[in-house]
Amino acid sequence: MSSNNLLLTPIEYLKGVGPSRGELLRKELGIHKYGDLLNLYPNRYIDRTRYYKINQLQNNIAEVQIIGKIINVKTVEFAKGRKRLVATFVDETGQMELVWFQGHKWIRESLKINEVIVVFGKCSSFNGVYNMPHPEIELWSEHQQSLRSAMQAVYPSTETLTNRGISNRVINKMMQQLFIETQALFSETLPDYLMQELKLIPKNAALFNIHFPKSANALAKAQFRLKFEELFFIQLQLIMKNLIQKHKIKGHPFSKVGALFNDFYQNHLPFELTNAQKRVIKEIRTDMGSNAQMNRLLQGDVGSGKTIVAFMSMLLAIDNGFQACLMAPTEILANQHFLGLSELSNKLNINIKILTGSTKTSERKIIHKELENGNLQILIGTHALLEDKVKFHNIGLAIIDEQHRFGVEQRSKLWKKNAIPPHILVMTATPIPRTLAMSLYGDLDISVIDELPPGRKPIQTVHRYDSNRLKIWKFIRDEIALGRQIYIVYPLIQESEKMDYKDLMDGYESISRDFPLPQYAISIVHGKMKPADKDAEMKRFAERKTNIMVATTVIEVGVNVPNASVMIIESAERFGLSQLHQLRGRVGRGAEQSYCILITDHKLSSDSKTRMETMVRTNDGFEIAEVDLKLRGPGNFMGTQQSGVLNLQIADIVKDKEVLSVARAYAMQIVNSDMGLQKPEHAVLKAVYMELTKKKNIWNYIS
Ligand code: ADP
Ligand code: MG
């Protein structure tokens with residue numbers, strides 16, 4: 001039996017594990033088989049060749065080991081009915097306490113008084129006495145016989161595991177046992193030529209050195225090899241999936257660039273397209289002109305002009321005899337799209353309608369009918385488009401704006417409506433860092449509008465403290481005197497909703513006092529208002545009937561009032577970077593110089609400081625997204641939950657982005673030159689690929 005078959009052995013068969021530990025490993029760490037344990041990579045490494053004396057202890061040393069003796073053990077009640085077990089531990093330089101909060105009985109029985117032992121764990125001091133909670137303990141005589149290196153692996157663990165006696169030392173022993181039973185003969189997973197080109201060490205050596213590093217250098221090589229491998233196979237699968245999708249899923253080929261598109265392009269374009277817009281339209285045209293279904297993500301910073309791209313794509317659908325729809329996450333946004341696109345459509349005599357939650361029944365009936373008989377060419381709307389009653393005659397293109405608000409199922413619901421799915425264009429203004437996009441959407445094609453329309457003045461952003469408010473108010477008065485309009489945004493976080501509403505209303509009242517009628521008029525919009533009231537207020541502001549819009553983040557997405565030139569964000573430290581950037585994108589849409597003022601408290605965490613500095617430094621959404629990714633980690637990015645980026649075993653999407661790029665380039669090259677992985681040198685890849693796709697774990701999220 002080769003080691004690889006052995007890796008499928010249930011974990012309880014490993015010597016020293018057994019059924020009850022096996023159960024714990026399954027539950028706590030998801031380790032079912034030998035192979036899962038082998039892939040439990042250490043979080044870090046510690047030096048187990050160094051021994052501390054008690055009088056050398058300091059706070060904040062990560063972990064220490066000390067040789068000494070326990071001289072007594074007692075149970076101490078520290079709160080009503082809550083006990084802890086305390087052992088006094090001494091060496092020749094002093095004394096300290098070993099403490100347990102749980103599992104007293106069997107620990108107490110296992111503790112040996114006056115025998116030389118080695119304790120290992122984290123220390124902290126309380127009233128001048130050091131204590132070590134839940135230490136690992138080993139008899140000195142046994143300790144001397146076990147193997148130790150200057151880099152001992154520290155594995156991920158859980159409280160339950162520690163409390164149930166599966167300490168790091170125990171996991172280390174299991175790992176040793178695993179290497180003994182399998183004789184460490186793990187088969188290679190990468191082709192020779194690739195290993196040579198990239199100077200990767202063999203899989204065997206990598207696995208050994210990740211668990212039992214011989215040196216820092218050996219460890220680094222092991223890490224690189226395993227990270228590369230992990231990212232490479234993810235990319236390989238994503239790229240293959242994309243290709244298979246293109247081969248399998250037939251789309252409607254839009255073979256014509258027809259009358260409407262040409263008429264619009266030649267006679268009605270409201271402005272000259274930027275090069276980026278032209279390039280993206282071409283990419284979309286090529287996609288939709290082929291026999292395969294388009295699945296494209298269109299990224300473009302706020303204000304980069306995605307709407308016109310969407311519209312011209314719709315024209316292609318209509319020219320080829322199909323209907324098109326555009327779905328937006330909020331009613332305000334849907335309305336805005338409808339207004340904008342109606343203006344363009346009317347010039348071309350296109351039948352366009354809007355369907356939202358507040359569409360009247362009579363109108364709804366007309367829409368349903370016209371949709372089914374094909375008279376309606378473009379339908380704009382919200383989630384309402386997903387209702388079962390909404391049936392298209394022949395939908396050819398579905399555009400989804402601000403995709404992060406829609407779940408994956410919703411997306412697929414749209415295209416399950418017809419036998420042949422429509423082409424899908426997902427538009428997002430939340431720039432996703434390239435590295436993340438590659439992992440998240442590796443199976444979507446990506447277009448980027450990386451150029452703003454000409455003549456835009458970069459928004460000037462400043463960071464001010466609460467104490468500067470008088471000056472800020474003066475600035476607002478000056479801007480209003482120049483005919484401009486102002487947004488003032490308050491945070492609204494679900495957990496503190498009540499407080500936040502109070503802040504918002506207090507703010508609104510004080511602003512109303514400082515900017516009184518009849519000279520000034522103020523709008524307010526927040527989530528608790530009825531949609532109709534919200535829209536009415538937005539409309540008043542858009543029609544310049546009010547000077548200031550006080551709002552929560554409901555205005556975050558897409559709202560377009562070009563005359564608004566100042567965005568003031570209250571308690572800016574409470575917003576995430578991408579949210580701040582989205583909010584700022586509400587201004588700077590007209591010809592005037594625009595401003596964004598971030599108001600915060602004096603006390604700021606270092607992350608908050610970084611966020612403010614980043615906003616002040618740059619207007620580039622992609623740069624901001626990179627910083628955001630560094631600050632928050634990939635877990636908080638929309639969409640990451642579904643993608644498996646979080647399930648990475650060893651690579652880190654932020655720290656290892658260079659490795660990711662290399663891995664992707666190689667995967668791409670291999671798929672392009674040998675899609676079926678038929679070449680002999682790729683046999684090894686094919687075997688791993690088949691094994692991975694059998695598991696079907698993460699990549700089936702889009703279809
Ligand atoms: P977003 O990408 O945020 O959806 P929009 O499509 O709403 O951006 O465009 C923002 C503004 O820029 C709109 O007022 C639009 O008319 C204008 N715009 C778009 N493209 C161009 C262009 N090529 N030249 C000039 N103005 C443009
Ligand atoms: Mg938009």
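The values are calculated or read from the model by the stated rules, or taken from the named source; none is laboratory data. Just so you know, these numbers come straight off a predicted model, no measurement behind them. Methodologically, a virtual Cβ is constructed for each residue, glycine included, from the backbone with ideal geometry; neighbour enumeration extends over all protein chains shown. Side chains are part of the model used for accessible areas, which takes the heavy atoms of the whole protein and leaves out ligands, DNA and RNA. Shrake-Rupley method; radii C 1.70, N 1.55, O 1.52, S 1.80 Å.
I'd like to know if region 573-593 contains one or more residues that are more than 15 Å from ligand 1 (Cβ to nearest atom), more than 29 Å from T307 (Cα to Cα) and in contact with a Lys or Arg (Cβ under 9 Å, 6 or more places away or on another chain).
yes
With respect to the conditions (1) modelled with pLDDT of 95 or more; (2) more than 15 Å from ligand 2 (Cβ to nearest atom); (3) surrounded by fewer than 21 Cβ atoms within 10 Å (Cβ to Cβ), A292 lacks only one, and its number is (1). Of everything listed in (1) over 24 Å from S673 (Cα atoms); (2) surrounded by 16 or more Cβ atoms within 10 Å (Cβ to Cβ); (3) basic (K, R), the single unmet condition for K246 is (1). A532 meets the conditions (1) within 16 Å of ligand 1 (Cβ to nearest atom); (2) in contact with a Ser or Thr (Cβ under 9 Å, 6 or more places away or on another chain); (3) of a type outside the set (K, R) in every case but one. The failed one is (1).
Every listed requirement among (1) in a loop (DSSP other than H, G, I, E, B); (2) of a type outside the set (D, E, K, R); (3) surrounded by 13 or more Cβ atoms within 10 Å (Cβ to Cβ) is met by I113 save one, (3). If you go through region 659-668 one residue at a time, do you hit one that is more than 16 Å from ligand 1 (Cβ to nearest atom), at pLDDT 85 or above and either assigned to a loop (DSSP other than H, G, I, E, B) or open to solvent by 60 Å² or more (accessible area, probe 1.4 Å) (or both)? Yes; the residues of region 659-668 include at least one that is more than 16 Å from ligand 1 (Cβ to nearest atom), at pLDDT 85 or above and either assigned to a loop (DSSP other than H, G, I, E, B) or open to solvent by 60 Å² or more (accessible area, probe 1.4 Å) (or both). If you go through region 376-410 and keep only what is at pLDDT below 85 and either assigned to a strand (DSSP E or B) or within 16 Å of ligand 2 (Cβ to nearest atom) (or both), you end up with E402, Q403, H404, R405, F406. Taking P270, is it at pLDDT 90 or above and within 16 Å of ligand 1 (Cβ to nearest atom)? Yes: the conditions hold for P270. Among the residues that make up region 66-76, is at least one of them in contact with a strand residue (DSSP E or B) (Cβ under 8 Å, 6 or more places away or on another chain) and without any contact (Cβ under 8 Å) to a residue 24 or more places away in the chain? Scanning region 66-76, I find at least one residue that is in contact with a strand residue (DSSP E or B) (Cβ under 8 Å, 6 or more places away or on another chain) and without any contact (Cβ under 8 Å) to a residue 24 or more places away in the chain, so the answer is yes.
For the subset of region 322-364 comprising residues that are away from ligand 1 (no atom under 15 Å from the Cβ) and open to solvent by 50 Å² or more (accessible area, probe 1.4 Å), which member is nearest to E387 (Cα to Cα)? Among them, the one singled out is G357.
Which helices (runs of 4 or more DSSP H) does region 160-260 wholly contain that include 3 or more residues that are under 32 Å from the mean Cα position of the chain (by Cα)? So that I can check it myself, show each step before the final result.
Values: elements: 168-182, 192-198, 203-211, 216-248.
Hits in region 160-260: 192-198, 203-211, 216-248.
Could you check, for region 305-318, whether at least one of its residues is more than 9 Å from ligand 1 (Cβ to nearest atom) and exposed (fewer than 13 other Cβ atoms within 10 Å of the Cβ)? Within region 305-318, not a single residue is more than 9 Å from ligand 1 (Cβ to nearest atom) and exposed (fewer than 13 other Cβ atoms within 10 Å of the Cβ). Within region 449-470, residues that are within 15 Å of D301 (Cβ to Cβ) sit with their Cβ atoms under 7 Å from residues that are assigned to a helix (DSSP H, G or I) and not basic (K, R), at 6+ positions apart or across chains, in these pairs: I449/A276; I449/Q277; I449/V280; D450/A276; E451/N275; E451/A276; T461/M615; T461/V616. Listed by first and then second residue, the pairs linking a residue in region 118-136 that is β-branched (V, I, T) to a residue that is open to solvent by less than 40 Å² (accessible area, probe 1.4 Å) and not in a loop (DSSP other than H, G, I, E, B), with Cβ atoms under 6 Å apart and 6 or more places separating them unless they lie on different chains, are V118/Q65; V118/E138; V118/H143; V119/I66. Hey, does region 273-283 have a residue that's open to solvent by 20 Å² or more (accessible area, probe 1.4 Å), in contact (Cβ under 8 Å) with a residue 60 or more places away in the chain and within 10 Å of ligand 1 (Cβ to nearest atom)? Scanning region 273-283 turns up at least one residue that is open to solvent by 20 Å² or more (accessible area, probe 1.4 Å), in contact (Cβ under 8 Å) with a residue 60 or more places away in the chain and within 10 Å of ligand 1 (Cβ to nearest atom).
Only one of the numbered conditions (1) more than 15 Å from ligand 2 (Cβ to nearest atom); (2) touching a Ser or Thr at 6+ places or on another chain (Cβ under 7 Å) is not met by A328, and that is (1).
Give me the pairs: first residue in region 28-57 and more than 16 Å from I210 (Cβ to Cβ) and aliphatic (A, V, I, L, M), second residue in a strand (DSSP E or B) and open to solvent by 20 Å² or more (accessible area, probe 1.4 Å), beta-carbon distance under 9 Å, and six or more apart or on different chains, which are they? That search, which allows pairs on different chains as well, returns I54/V90; I54/D91; I54/G94; I54/Q95; I54/Y130; L57/G94; L57/S125; L57/Y130.
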